[in-house]
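Below: one structure, written as structure tokens.
The values are calculated or read from the model by the stated rules, or taken from the named source; none is laboratory data. Please read these numbers as outputs of a predicted model, since none were measured by experiment. Cβ coordinates were reconstructed from backbone atoms using ideal geometry, including for glycine residues, and neighbour counts include every protein chain displayed.
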Amino acid sequence: MLVDSGGHQLAVTAGPFPDPDPSRAGVILLIRDLSAEAEAERVKRYFVSMVGHELRTPLTLIRTTIDLLHGHHAGGLNATQERIVEVLRQNSERLMTLTSDLLDMSALDSGRMQIVPASVDLIEIVRRAVRAAAGAAGERKHQLRLVLPEDANTVMVWADTPRVEQVLSNLISNAIKYTPPNGEIDVRIEGGRAFASVAVADSGIGIPPEEQAGLFEKFYRTSAGRRTTGGTGLGLAIARSIVELHGGEIVCDSDGQTGTTFTFTLPRRPL
């Protein structure tokens with residue numbers, strides 16, 4: 001139990017204190033002052049939020065300038081310049097993603113992230129996410145497929161569209177990243193009475209069962225992820241928080257050898 005007392009945050013734990021002699025039996029009370037830890041956590045959240053906001057503005061300007069160069073709006077580029085601009089574009093995108101992840105994680109930690117749900121068509125949301133990822137999948141020669149429920153033109157859910165798109169973008173990009181070239185990625189939608197589900201299944205390297213418990217923790221990265229790709233380890237933690245804000249859940253299924261499937265659910269109507 002947490003108690004605020006005189007500006008201090010105290011963790012209070014109580015339990016029985018048995019003794020063969022009933023006259024000496026009683027209760028043991030443990031009081032721990034967590035004020036220092038709470039202040040350190042507050043400072044950390046403030047620092048992350050401040051750094052994220054301070055980085056976003058110059059990064060936006062840098063990205064805009066790179067896009068102008070990439071689109072030849074500032075004149076033609078030779079082959080060497082094209083390659084340099086492409087490297088800049090890719091790395092500026094990584095920095096923007098990192099900054100957004102830090103800000104989202106800060107908002108979630110402080111309880112400031114809110115969702116604005118409405119009745120929306122899940123099929124249309126997923127279709128847009130698949131289209132947006134088609135280019136990246138094509139570069140790695142993946143087959144990226146959308147699998148719809150039989151005889152369903154719409155699957156209505158109660159959800160915040162931009163946040164659901166954020167979850168889908170993370171799951172699909174991970175599937176593309178961790179699947180060797182010429183792989184297969186299926187994005188499947190299932191409609192249910194109370195909840196609809198979306199599954200992103202790949203034919204990639206898989207996630208060992210012993211590593212799956214920490215997948216949705218902040219900054220956690222699998223051993224394969226640390227060896228092969230960059231990243232912050234925040235994407236899945238943010239995805240889980242967004243899904244849970246909707247009242248759904250997200251799970252991982254993999255035998256560690258033959259691909260991975262991430263499935264999340266969304267309510268069909270307000271909870």
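Picking from residues in the stretch 166-178 that are closer than 15 Å to Ala199 by Cβ and among the polar types (S, T, N, Q), the one that is nearest to the chain's Cα centre (by Cα) is Asn170.
Could you tell me whether Met105 is at pLDDT below 85, under 30 Å from Ser197 (Cα atoms), aliphatic (A, V, I, L, M) and assigned to a helix (DSSP H, G or I)? Considered against the rule, which asks whether it is at pLDDT below 85, under 30 Å from Ser197 (Cα atoms), aliphatic (A, V, I, L, M) and assigned to a helix (DSSP H, G or I), Met105 comes out as yes. Screening Phe195 with (1) farther than 17 Å from Thr265 by Cα; (2) touching a Gly at 6+ places or on another chain (Cβ under 7 Å); (3) touching a residue at least 60 places away in the same chain (Cβ under 8 Å) gives one miss only, at (1). The condition of being basic (Lys, Arg) and part of a strand (DSSP E or B) holds for only one of Arg94, Arg112, Arg145, Arg128, that being Arg145.
Within the stretch 146-174, being in contact with a helix residue (DSSP H, G or I) (Cβ under 8 Å, 6 or more places away or on another chain), charged (D, E, K, R) and surrounded by fewer than 18 Cβ atoms within 10 Å (Cβ to Cβ) holds for one residue alone: Glu165.
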